[in-house]
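Report on one structure; see the data block that follows.
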Amino acid sequence: MLHIQERVNDTVSPEGVLVLPYELRQRSRLRARLVDGRDVALILPRGSVLRDGDILRSVCGVSVTVRAANESVSSAYTNDTHLLARACYHLGNRHVQVEIGQGWVRYLHDYVLDEMLERLGLEVKQESAPFEPEGGAYSQGHAH
């Protein structure tokens, strides 16, 4: 079993790939399996959130790339920036984690939220896609 205890900024060629949904990428202690079948134990600093493309290193020097797994998400689309801002406000007011792109906002699928955004006038589609929510104004690390 590989014991992973650090995130690195190396440009090394990773020797493994770890695919995880967002819920598991938020955990600092985790047993998981690489794509090639090797077992890993993550022992990261508390509060760590892994992002797609992060490179981790095991105590024995093996580098692993993190990949965001496809998940059941809802993506709400509009070309109206004011409407998109309103949608983000209402989702944030409900403490929903969101990923924001040009003309869209994404969140883990929830039919109640889907209906709310449709009533506001956005086009909502349930999709299978990686989920990379905003880290928050005070988070460290990646800016999304």
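First compute the accessible area of the chain with a 1.4 Å probe, then give the percent of it belonging to carbon and sulfur atoms.
Accessible surface attributable to carbon and sulfur in the chain totals 48 percent.
Can you give the Kirkwood hydrodynamic radius of the chain from its Cα pairs, in Å with one decimal?
16.5
Which FRET efficiency, nearest 0.05, do ASP110 and LEU24 yield, Cβ-Cβ r, R0 25 Å?
0.85
What dipole magnitude, in Debye to the nearest 20, does the range 18-78 give about its Cα centre under +1 on Lys/Arg Cβ and -1 on Asp/Glu Cβ?
It works out to roughly 260 debye.
With axes computed from alpha carbons, what is the tilt in degrees of helix 111-120 against the longest principal axis of the chain, rounded to the nearest 10 within 0 to 90?
40
Considering Cα pairs under 8 angstrom that are at least six residues apart, work out the relative contact order of the range 1-92 and quote it in whole percent.
Rounded, it is 34 percent for the range 1-92.
With point charges of +1 on the Cβ of Lys and Arg and -1 on the Cβ of Asp and Glu, referenced to the Cα centre of the chain, which listed residue (SER74, GLN102, LEU18) lies farthest in the positive direction of the dipole?
Of the listed residues, the answer is LEU18.
Would you mind calculating the gained length between VAL12 and LEU83 on full extension (0.36 nm times residue separation, minus the Cα-Cα distance), in nm to one decimal?
Length difference between fully extended and current span is 21.3 nm.
Express the accessible area of the chain per residue in Å², computed with a 1.4 Å probe while the remaining protein chains stay in the model.
58
So, with +1 on the Cβ of K and R and -1 on the Cβ of D and E, and no other charges, what is the size of the charge dipole of the range 1-103 about its Cα centre, to the nearest 20 debye?
So the magnitude is around 380 debye.
The values are calculated or read from the model by the stated rules, or taken from the named source; none is laboratory data. These figures come from a predicted structure and were not determined experimentally. So basically every Cβ, Gly included, is an ideal-geometry build from the backbone, and we count neighbours across all protein chains shown. Quick note on the areas: whole protein, heavy atoms, side chains included, nothing else; ligands and nucleic acids left out. Shrake-Rupley method; radii C 1.70, N 1.55, O 1.52, S 1.80 Å.
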